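This report concerns only the one structure given below.
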């Protein structure tokens, strides 16, 4: 220890990183070296080489120990909402608003007009009012001017924010149905990533699950027969990352709305992902949006902030103002609420929706990219690759939304299909992961696939460097 610490290189590291940190790094490096010697992994030449490189090993250990574990990566998988890679990246406006809010005091719960305590909800509820309530009322007026009678919708739509969508479901169920029954189709008793199961959340909420129908077929009559004096809520759940096809049937939302009105029971829909953007404009069909549900008369809608909405991790609950007020007054709401940084990011993201500046939201911008645009970028990037060992072919491919949204829908794309002489596919993918920054790719049919849909244009140079530096 004394000899290593006393070496000039390590002494300078101690001056830069701190003496205690340097001593800890030396201990780790020496312990690892002793283990390799004891295990017989080092012959005499290898041991001499390891000893000569002790200072470098200590420096690497210091950088690893004192560096960030959470760091940016290049997502070249083509999965837009990649849960393991942090889901939706935030736009520039959201990042700037977070920086401003974090670096100073703010009016998070302070009414600047009255000088009294305010509510943190107001910073985003005013924008949700623009995006949801006004749109729902406009749809009602259009329906009233036409031939058909509109479905009744809440007189006012409000929104509250909690820390994720699981919390949204928990809070809504606990508020509206604790001690009572909630009717759910057996085909919607889902489990999604992280072992999130609807029956488990239901039990934690204090509500009682009442299953109806079968796995593949549930009709409105099944719900109606299950209604008793103990029924507190009708619940629909988005199936997230799977679909049931073939001999299937599910109760139309309009019929469940009518049943709820008839029986005086609210209808709640857990959308999971939840879009405020017209997915049909990018070719995604059959994925219900938040406005679709509210326009259709659903009383409460729960959805995520960091999926199709393109904002920060959050759970959003939108619906009739009276029901939302009950949830806001639930003591559980305080335990699940979010901080000023989430409100800052969400407010900035929602303002882009109000301005209809969809390309300012990275998730939406990626969805709107055409196959030809991606193909041209792929050709330009390929032209910069210099290694003769690397074989690159640009082929047709498919990007997916991810995040449990529209599991059967894909977006056409062009991908770089890579192989490398002397490296297996898995080895090539592993080396890309170990590059700086890490490049995360897909492996398919013996090739490494890079989909530039999910690679920011400003990352192209780093991607080229990663491909060129270790395979020359």
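None of the figures in this text is laboratory data; all of them are computed from the coordinates on show. These figures come from a predicted structure and were not determined experimentally. Glycine gets a Cβ as well: all are built from the backbone with ideal geometry, and neighbour counts include every protein chain shown.
Descriptive notes on the structure:
- FRET E, pair residue 106, residue 7, Förster distance 45 Å, beta-carbon r, rounded to 0.05: 0.35
- Angle between the chain longest axis and helix 253-263 axis [Cα atoms, degrees, rounded to 10]: 50 degrees
- When Kirkwood radius over Cα pairs in Å is computed from the coordinates, the matching label among [x] 23.9; [y] 25.7; [z] 22.9 is [y].
- Stretchable slack from residue 200 to residue 355, in nm (0.36 nm times residue separation minus alpha-carbon distance): 51.8 nm
- For region 2-66, the Kirkwood estimate of the hydrodynamic radius, built from every pair of different alpha carbons, is 12.0 Å.
- Annotation for region 1-32 versus region 412-472: alpha-carbon center distance of 36 Å.
- Using the average count of surrounding beta-carbon atoms within 10 Å as a protection proxy, the listed peptides 173-181, 6-14, 208-216 rank, highest first, as 173-181, 208-216, 6-14.
- Enclosed volume per residue, in Å³, of the convex hull spanned by Cα atoms of region 1-124: 222 Å³
- Label-point separation, residue 83 to residue 258 (7 Å along Cα→Cβ), nm: 3.6 nm
- Relative contact order of the chain, taken over Cα pairs closer than 8 Å and 6 or more residues apart, is 20 percent.
- Only beta bridges with both residues in the chain are counted; by DSSP, about 60 percent of them are antiparallel.
- Rounded to the nearest 10 degrees, the angle from helix 134-145 to the longest Cα principal axis of the chain is 40 degrees.
- Relative contact order for region 334-468: 21 percent, from Cα pairs under 8 Å spaced at least 6 residues apart, divided by residue count.
- Fewest-first sequence of 197, 453, 236, 328 by Cβ atoms within 10 Å of each Cβ: 197, 328, 236, 453
- Contact order relative to length of region 2-66, as percent, for alpha carbon pairs under 8 angstrom and 6 or more apart: 44 percent
- Axis angle, to the nearest 10 degrees, between helix 8-17 and the longest C-alpha principal axis of the chain: 20 degrees.
- Once both labels are positioned 7 Å from their Cα atoms along Cα-to-Cβ, the gap between residue 47 and residue 21 label points is 3.3 nm.
- Between residue 248 and residue 126, the simple spin-label model (points 7 angstrom out along Cα→Cβ) gives 4.2 nm.
- Mean-position separation - Cα centroids, region 265-343 and region 74-125, in angstrom: 17 Å
- Segment residue 116-residue 373, length gained on full extension (0.36 nm per residue, minus Cα span): 87.3 nm
- Globularity ratio of region 367-469, using Cα Rg and 2.2 N^0.38 Å: 1.05
- Inter-centroid distance (Cα atoms) of region 354-379 relative to region 35-67, Å: 47 Å
- Counted by neighbouring Cβ atoms within 10 Å, the residues 434, 239 run from fewest to most as 434, 239.
- Applying 0.36 nm per residue to the separation of residue 191 and residue 409 and subtracting their alpha-carbon distance, the gain on full extension is 76.5 nm.
- Ellipticity estimate at 222 nm from DSSP helix runs (n ≥ 4, -39,500 (n - 2.57)) divided over the chain, nearest 500: -12500 deg cm²/dmol
- Taking other Cβ atoms within 10 Å as a rough exposure proxy, 262, 340 sort from fewest to most as 262, 340.
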